[in-house]
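Have a look at the structure below before the remarks.
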Amino acid sequence: MKHQELLKGLIRLHILHHAAKEEFYGQWMIHELARHGYTLSPGTLYPMLHALERDGYLRSREERLGRTFRRIYRATALGREADKVAKVQVRELTGQGRKRRSTDRHKSGRYRRSQVENAQRRNGD
Ligand SMILES: [Zn+2]
């Protein structure tokens, strides 16, 4: 995939977005990401999932599937918090913050910080 290293951050956020809402397994996520235009091989996705789990954003369990197992992932509380903070930041980047007045959205750091703080406060679990 072109620009893969750069886009990996967005892909991780997309994974967290889904993990915060529901459980998923790797192959489902590969299809879901493809729907959004991200072409990932298992050899790229699984190390990302393992790193997110190692860093405390995801947890996983094994589920029996006939004779084999598959690993099911979901977000931890930390992962859900990061998902909320990241969404505020994505809105900041794209200029879709709901209360935005400024015409120069990349310069108004004070507003951005307060939005992030609000998101963190709201997610006090
Ligand atoms: Zn999606």
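Bear in mind these aren't lab numbers, they're just calculated from the coordinates by the rules spelled out. Predicted model, so just to flag it, every value in this text is computed and none were measured.
Table for the structure above
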item: Equivalent ellipsoid semi-axes - Cα gyration tensor, the range 4-94, angstrom; result: 22, 16, 11
item: Per-residue HN-Hα couplings for the range 5-14 [Karplus 6.51, -1.76, 1.60; θ = phi - 60°; Hz; x = Gly/Pro]; result: 4, 5, 7, 4, x, 5, 5, 4, 5, 5
